[in-house]
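The values are calculated or read from the model by the stated rules, or taken from the named source; none is laboratory data. Bear in mind the structure is a predicted one, so any value in this text is a computation, not a measurement. Counting neighbours? That spans all protein chains shown, and the Cβs are built from the backbone with ideal geometry, glycine included. For accessibility, only protein heavy atoms count, side chains too; no ligands or nucleic acids. Shrake-Rupley method; radii C 1.70, N 1.55, O 1.52, S 1.80 Å.
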Amino acid sequence: LPLLLLLPGLAAGPAGMLQPRDTPSRERRELGGLWSFRADLSPGRDAGFAQRWYRRPLRQSGPVIDMPVPASFNDITQDPSLENYIGWVWYEKEVLLPLRWLQGDPAPRVVLRFGSAHYYSIVWVNGVQVVEHEGGHLPFEADISSVVQGSPGTLCRITVALNNTLTPHTLPPGSIQFMTDKTRYPKNYFVQNIRFDFFNYAGIHRPVVLYTTPAAYIDDITVTTTSSDSVAMVQYQVSVVGSTANSLSLSLRDQEGKVVATGDGPVGELKVLSPNLWWPYLMHENPGYLYSLEVKMQAQVGGALLEDVYTLPVGIRSVHVTSTQFLINGRPFYFHGVNKHEDADIRGKGLDWALIVKDFNLLRWLGANSFRTSHYPYAEEIMDLCDAYGIVVIDESPGVGIKLPESFGNKSLQHHLAVMEELIRRDKNRPSVVMWSVANEPASELPPAAHYFKTVIAHTKALDPSRPVTFVTDANYALDHGAPYVDVICVNSYFSWYHDPGHLEVIPLQLTAQFENWYKTYQKPIIQSEYGADSVPGLHSDPPLMFSEEYQVAMLREYHSVFDKKRKEYVIGELIWNFADFMTNQGTIRVLGNKKGIFTRQRQPKAAAFVLRDRYWKIANESSCLPPVITSHSLFL
């Protein structure tokens, strides 16, 4: 099966990954909508490469169907073979480019960018390969100027070959199992095995964008901030590509458009008097305050003087961890939030603005101040709203399901390091991101996990010394080889669900022992990063029985009683599993997915949502500097 498994590819380069924006010097064009689509159903999944489908319009290779982008392809059709398809699929979009993008001396730089495509991508433009990328949750791009400016006419044909196969060395890992018993399985029958509990949706999941820059351009900007009540310092570093900049100037504007600080040169700092700090939701009357940093560059290229302009949102805030507290701007912060998934009916993991806005309205209704990007980086559009609304984020890599010993080897490690570089490059300037999580529930009790996580965490800290680093564990506190290297202990536990199912009475003893053992061993603050129970909406039982809404509520209350004792000491947060029901692989314990949501997959509340809402607003009122008029019945959007 030669091309089912991933082709050796080119790692993403060290260039910047600034989010495409319209500016006086830049244009962007989204390519969402209908693309041509074809799954390669050949036994080796290699017909597309053997027949070079990228050399001509995809419709000339055979039957194609319409496929929406962004979206997962799995749930779009009535074809059951596409629902669980493994291997190469092909996408194509033909667009006409404006003449101004193709002409000039020098002509502008034209870039093709994918917000994400799961999992492995090879991209051609007009039959010429321009980029390949491994990883399903982070952006990648290619400078296609020479291809489109060297082609006759203005037609730009974009072809994408996409493979969702997971191996022991991908992130997340998986494995292909061939079923060789011919009395039980058809010829060439195989399945994709995964060790994580969500559906492995595939497709072009986030926006595809064409954008332009001048031939000499601002490639990357890095910002860090320090602050007190009276003054803030904004440290910056700007990299330029294409020429040595004749001039580089920076202006920091407040939300009224007033310039509050200026600077020049590629490295420096801006002094802001009486700054408006970036505060989390419910911690300040004006949460999520963002300044705008405008960077202007002028450079001489040939006989032309080129100017590039880029504007970056900047939030001024500090993060610090002690042995018992998590401090934002010097004040103790308690995570009362959720774990989420990018998951919904029909579109799977495809970006959907209506769903995004609905989810943020539910988060604010709930009184949630935070979430973890379980178990992969979320779309930039989601992160933008976290910055703007003051929702605090634990930004997690796709390191979920790292269970097999071979997934702790050097090949896996090197890829994990590269993924952390891509993640930090994308999200390093976001004030909402207060901590990196490098993995979820790895087999950290295995001896190789010590070197693996020591290396990944040290690499992450070297890339970004300004933020704490963690990973999320479900290992025994005495056996975890990765925990010595984290700044915050994040623990998942499901007492009375996966352990002692149905026995709510064991929760106080077991949860208390969990916290005390971890803290006694490591003297680090602890977040309960997952806890919860499945509930089928509308299923009721009193006394509470498993899968009823009442059991989910009863479990939450048992956990909360222990949280309330320990948050006076060293527990700094609680994140419910999960915000909403989500799809998983089929299995005997999953009835159309995981039902641990406090909302249904359609975002309707279960009984647990109201319990959590009352709790979160009560905690917010206890710790907030706001007047106590905020109640759980206040109207927020």
Using r as the Cβ-Cβ distance of E27 and N361, and R0 as 30 Å, what FRET efficiency do you calculate, to the nearest 0.05? 0.40
Using modelled amide H (1.01 Å from N, peptide plane; none on Pro or chain starts), what sits under 5 Å from the amide H of V240, excluding residues fewer than 5 places away? D219
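Once the Cβ-Cβ distance between F547 and D345 is put in as r, and R0 is 30 Å, what FRET efficiency do you end up with, to the nearest 0.05? Each step should come with its number before you reach the end.
Numbers: r = 21 Å, r/R0 = 0.71.
Given R0 = 30 Å and the Cβ-Cβ separation, E is 0.90.
Tell me the per residue accessible area of the chain using a 1.4 Å probe; a whole number in Å² is fine. Spell out each step's value before the answer.
Values: 24930 Å² over 637 residues.
Here the residues of the chain average 39 Å² of exposed surface.
Could you work out how much longer the chain between I65 and T244 gets when fully extended? Use 0.36 nm per residue separation minus the Cα distance between them, nm to one decimal. Spell out each step's value before the answer.
On the way: separation 179, 0.36 × 179 = 64.44 nm, distance 4.76 nm.
Result for the pair: 59.7 nm of gain on full extension.
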How much FRET efficiency would the formula 1/(1 + (r/R0)^6) give for L327 and R557, where r is the Cβ-Cβ distance and R0 is 51 Å, rounded to 0.05? 0.95
Which value in nm describes the separation of the simple spin-label points at H320 and T77, placed 7 Å from the Cα toward the beta carbon? 5.8
Based on the mean of other beta carbon atoms within 10 Å per residue, what is the order of 382-392, 208-218, 169-179, most packed first? 208-218, 382-392, 169-179
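Run the helix sum for the chain: -39,500 (n - 2.57) per DSSP H stretch of 4+ residues, divided by residue count, reported at 222 nm to the nearest 500 deg cm²/dmol. Each step should come with its number before you reach the end.
Details: 10 runs with 122 residues, N = 637.
Value at 222 nm, helices only, nearest 500: -6000 deg cm²/dmol.
Past 28 Å, Cα to Cα: identify those pairs from K182/K596; K454/K596; K349/K428, in the order given.
K182/K596; K454/K596, as the Cα separations exceed 28 Å there.
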I'd like the Karplus ³J(HN,Hα) series for region 330-342: coefficients 6.51, -1.76, 1.60, θ = phi - 60°, whole numbers in Hz, and an x wherever there's a Gly or Pro. x, 10, x, 10, 10, 6, 10, x, 9, 9, 10, 9, 7
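What part of the accessible area of region 217-314, given as a whole %, is carbon or sulfur when the probe is 1.4 angstrom? Walk me through the numbers on the way to the answer.
On the way: 2060 of 4430 Å².
The C+S portion of the solvent-accessible surface of region 217-314 is 46 percent.
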Report which label in [x] 35.5; [y] 29.3; [z] 30.8 holds the value of mean projected area of the Cα convex hull in nm² derived from the coordinates of this structure. [y]
Considering the dipole of the chain built from charges on the beta carbon (Lys and Arg +1, Asp and Glu -1) around the Cα centre, which of L612, S535, Y519 is farthest to its positive end? S535
I need the shape label for region 334-623. Rule: rounded when a/c is under 1.5, else prolate if a/b > b/c, else oblate, with a, b, c from the alpha carbon gyration tensor. rounded
Whole-Å distance, taken between Cα centres, linking region 552-598 and region 313-351: 17
Sort region 31-213 into rounded, prolate or oblate with this rule: let a ≥ b ≥ c be the square roots of the eigenvalues of the Cα gyration tensor; rounded if a/c is under 1.5, and if a/c is not under 1.5, prolate when a/b is larger than b/c, oblate otherwise. prolate
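Quote the charge dipole size of the chain about the Cα centre in Debye, to the nearest 20; the model charges only the Cβ of Lys and Arg (+1) and of Asp and Glu (-1).
On the way: 57 positive and 65 negative charges, 109 e Å.
The dipole magnitude comes to about 520 debye.
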Using the Karplus equation 6.51 cos²θ - 1.76 cosθ + 1.60 (θ = phi - 60°), what ³J(HN,Hα) coupling, rounded to whole Hz, does each residue of region 485-501 give in order, writing x for Gly and Pro? 9, 8, 8, 10, 7, 10, 10, 9, 8, 10, 5, 6, 10, 6, 10, 6, x
If you place +1 on the Cβ of every Lys and Arg and -1 on the Cβ of every Asp and Glu, how big does the dipole about the Cα centre of region 31-213 come out, in debye to the nearest 20? 320
Which whole-angstrom value gives the distance between the alpha carbon centres of region 599-620 and region 366-431? 25
Spelling it out for I394: with amide H atoms placed in the peptide plane at 1.01 Å from N, the residues 5 or more places away or on another chain with amide H under 5 Å from its amide H are F371, R372, T373
Please report the spacing between the Cα centers of region 58-74 and region 15-30 in Å, no decimals. 27
Which is farthest toward the positive dipole end of the chain among H341, L41, W279, measuring Cα position about the Cα centre, with Cβ charges +1 (Lys, Arg) and -1 (Asp, Glu)? L41
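Suppose accessible area is computed on protein heavy atoms with a 1.4 Å probe; arrange T183, T262, T373 from highest to lowest.
Working: T183 125, T262 95, T373 0 Å².
These residues rank, largest area first, as T183, T262, T373.
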With all protein chains modelled, accessible area of L99 [1.4 Å, Å²]: 100
Could you give each residue of region 177-189 its phi-based ³J(HN,Hα) in whole Hz, using Karplus coefficients 6.51, -1.76, 1.60 with θ = phi - 60°, and x for Gly or Pro? 10, 8, 9, 9, 6, 5, 7, 10, 9, x, 4, 6, 7
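Subtract the Cα-Cα distance of M179 and I589 from 0.36 nm times their separation in residues, and report this length gain in nm to one decimal.
Numbers: separation 410, 0.36 × 410 = 147.60 nm, distance 2.32 nm.
Fully extending the segment from M179 to I589 adds 145.3 nm.
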Around V400, which amide H atoms from residues at least 5 apart in sequence, or from another chain, sit under 5 Å from its own amide H, with H modelled in the peptide plane? N440
Relative contact order of the chain, please, whole-number percent, based on alpha carbon pairs below 8 angstrom and at least 6 residues apart. 12
